[in-house]
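Report on the following structure.
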Amino acid sequence: MQEKQLQLEKVQSQRFQFSFPQHKTGEILRLKDVMLPFASQQKITLALSAGEKIHVVGNNGAGKSTLLKTIAGLLKPKSGDIFCKAKLLYLDQIFYFGDQQLNVLAQLKPFNPQYSDSEWRNLLGQLGIRGDKALYPLHQLSGGEKLKVALLGLSQHAEAIDLLLLDEPENHLDIESRELLAAAISSFTGAVILVSHDQSFVEECGINTTFTLS
């Protein structure tokens, strides 16, 4: 439990850092002539290496969110091939990463089934999510609280995450939570594909490579 508490100190200090070892090397994702199911009719070819971070840009309706969902396997492409050897996690702006009807504890359990409810409650309490809030559906929490739940699950994951797919995650966050998220993305040693309309946030995340959807 001491090790878990030490990990959470990084959250409390607002300098959340991930300690995942970088298992993967080389190319972890390749899209070859992928046509998305909605929006853009562009044939997308993209390669992503371990630890690489890119910012996806494009006009409204170009298919940025659809691209992330397609990579995550939530949608099927019209055509083309996707090769992925990364353990990935998809998060949108409301930080749902499972069944939206599940409570906070139930959302967290799949990240590390070895943890008991009391251990998850202890870790949540260190983040200020105490008492009955652990049993609230995730949508009843504030934006900052949902962010902390997502980062907690990611930090305690039983398997190292190689790729984060983030769809406008900074939306609806207060300044403190936004800074926490940017620091987490910047310190994450895996790969990141970020959709965001806020260039200053992208810069705070330390991302300077762009991929444009036409």
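The numbers here are math on the coordinates, done by the rules we state, and not lab data. Treat the numbers as computed from the prediction; the structure is a model and nothing was measured. Ideal geometry is used to build each Cβ from the backbone, glycine not excepted, and the neighbour counts take in all protein chains shown.
Quick one: if you stick a label point 7 Å off each Cα along the C-beta vector at SER79 and LYS43, how many nm between them?
Once both label points are built, they end up 0.7 nm from each other.
Write down, largest first, the equivalent ellipsoid semi-axes of the stretch 52-101 in whole Å, where each equals the square root of 5 times an eigenvalue of the alpha-carbon gyration tensor.
On the way: eigenvalues 65, 50, 34 Å².
For the stretch 52-101, the semi-axes come out at 18, 16, 13 Å.
Taking the C-alpha atoms of the stretch 2-212, how large are the radius of gyration and the largest Cα-Cα span, Dmax, in Å?
Cα radius of gyration and Dmax of the stretch 2-212 are 17.0, 52 Å respectively.
Please find the FRET efficiency linking GLU176 to ASP132, where r is the Cβ-Cβ separation and R0 is fixed at 30 Å, and quote it to the nearest 0.05.
E(calc), rounded to 0.05, equals 0.80.
Report, in order of residue number, the helices in the chain meeting two criteria: a C-alpha extent of 20 Å or more along the helix axis, and a mean Kyte-Doolittle hydropathy of at least 1.6; treat each whole DSSP H run as one helix.
none
Straight-line reach from LYS64: which lysines have Cα under 20 Å away, leaving out those fewer than 8 places along the same chain?
Straight-distance partners of LYS64: LYS32, LYS43, LYS53, LYS76, LYS78.
State the extension gain, in nm to one decimal, for the chain segment bounded by GLN140 and GLU27, taking 0.36 nm per residue of separation less the distance between their alpha-carbons.
Extending this stretch completely gives an extra 36.8 nm.
For Cα pairs less than 8 Å apart in space and 6+ apart in sequence, what is the mean separation divided by the residue count of the stretch 118-214, i.e. the relative contact order in percent?
In percent, rounded to a whole number, it is 23.
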